[in-house]
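In what follows, a structure is listed as structure tokens, so that the remarks can point back to it.
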Amino acid sequence: MYVLGLIFSISVSFLFIFSGFLKLFAWKESAVFMEKIDIIPKKIARPIGLLIPFVEIAVAVLLLVASNNILVFILTAILIVVLISINFKAVLEKKQTDCFCLGKLINTKTGYGGLVQCFLLLLSIIPSFLFSGTFTAFDILNLESIQILTILATSILWTISLITIRKVIEILYAPANG
């Protein structure tokens, strides 16, 4: 059963690494977005926006190397809940705004797509929590080559699926005039 936890931990890590690195190429836009969403005080919104890519990458690396640590699970869950809050606010206000969640490479907006993606991320880390203390991503090195490839391929497919699900929902729930 820990293999399921490995797949999901690696997938969430891949998504946060991908997202974090892409945000680095849209650093200014990401920081400005944090100011626009009006969730945190304006004075600290831009600095927090500048830190978000590094936080995502750090959480991703921690999830890979120490997914057996309950504090890593809690930190990952907190990050995801913050993202859920941002998207939930957008849904409540009926506003879809560019969030640069995947930098400039993949145009993403706040709203239903991000909300569903974040809930799926939260569900994806539950196996890590349930089996915390039993594995880290490095445990795949103890497996056969075909098992390693299967776990990595499945993780990549789930990461791509999370992005695709988000984009499809964003398109389905796009405002009629744009």
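The values are calculated or read from the model by the stated rules, or taken from the named source; none is laboratory data. Predicted model, so just to flag it, every value in this text is computed and none were measured. Cβ coordinates were reconstructed from backbone atoms using ideal geometry, including for glycine residues, and neighbour counts include every protein chain displayed. These accessible areas exclude ligands, DNA and RNA; they are computed on the full protein's heavy atoms, side chains included. Shrake-Rupley method; radii C 1.70, N 1.55, O 1.52, S 1.80 Å.
Side notes on the structure shown:
- Yes/no for residue 159 being buried (at least 20 other Cβ atoms within 10 Å of the Cβ), at negative phi, among the β-branched types (Val, Ile, Thr) and modelled with pLDDT of 90 or more: yes
- Residues that are open to solvent by less than 20 Å² (accessible area, probe 1.4 Å) and not aliphatic (A, V, I, L, M) within the stretch 72-94 comprise 76, 87, listed in sequence order.
For every residue, the table says whether it meets (1) over 18 Å from residue 161 (Cα atoms); (2) under 15 Å from the mean Cα position of the chain (by Cα); (3) among the aliphatic types (A, V, I, L, M).
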residue	(1), (2), (3)
62	yes, yes, yes
65	yes, no, yes
82	yes, yes, yes
92	yes, no, yes
104	yes, no, no
115	no, yes, yes
125	no, yes, yes
140	yes, no, yes
146	yes, no, yes
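- Those helices (runs of 4 or more DSSP H) lying entirely in the stretch 1-78 with at least 3 residues in contact with a Lys or Arg (Cβ under 8 Å, 6 or more places away or on another chain): 27-36, 42-65
- Summed over the stretch 99-132, residues that are hydrophobic (A, V, I, L, M, F, W, C) and part of a helix (DSSP H, G or I) total 12.
- Pairing each residue of the stretch 1-30 that is of a type in the set (D, E, K, R) with any residue that is assigned to a helix (DSSP H, G or I), provided the two are 6+ apart or on different chains, yields C-beta distances under 8 Å for 23/30; 23/52; 23/53; 23/56.
- The stretch 72-93: number of residues that are out of contact with any Leu (no Cβ under 8 Å at 6 or more places or on another chain), in contact (Cβ under 8 Å) with a residue 24 or more places away in the chain and not hydrophobic (A, V, I, L, M, F, W, C): 2
- A Cβ distance below 6 Å, combined with a sequence gap of six or more or placement on separate chains, defines the contacts here; from the stretch 31-44, residues that are farther than 17 Å from residue 97 by Cα and among the acidic types (Asp, Glu) reach no residue that is assigned to a helix (DSSP H, G or I) and open to solvent by less than 40 Å² (accessible area, probe 1.4 Å).
- Any hit, the stretch 47-64, residues being under 18 Å from residue 120 (Cα atoms), in contact with a Gly (Cβ under 9 Å, 6 or more places away or on another chain), of a type outside the set (A, V, I, L, M, F, W, C) and at pLDDT below 95: no
- Residue within the stretch 57-71 that is free of Cβ contacts under 8 Å to residues at least 40 places away in the same chain, of a type outside the set (Ser, Thr, Tyr), touching a helix residue (DSSP H, G or I) at 6+ places or on another chain (Cβ under 8 Å) and open to solvent by 50 Å² or more (accessible area, probe 1.4 Å) present: yes
- Residue 97 meets all of the listed conditions (1) touching a Cys at 6+ places or on another chain (Cβ under 8 Å); (2) of a type in the set (S, T, N, Q); (3) open to solvent by 30 Å² or more (accessible area, probe 1.4 Å) but one, namely (1).
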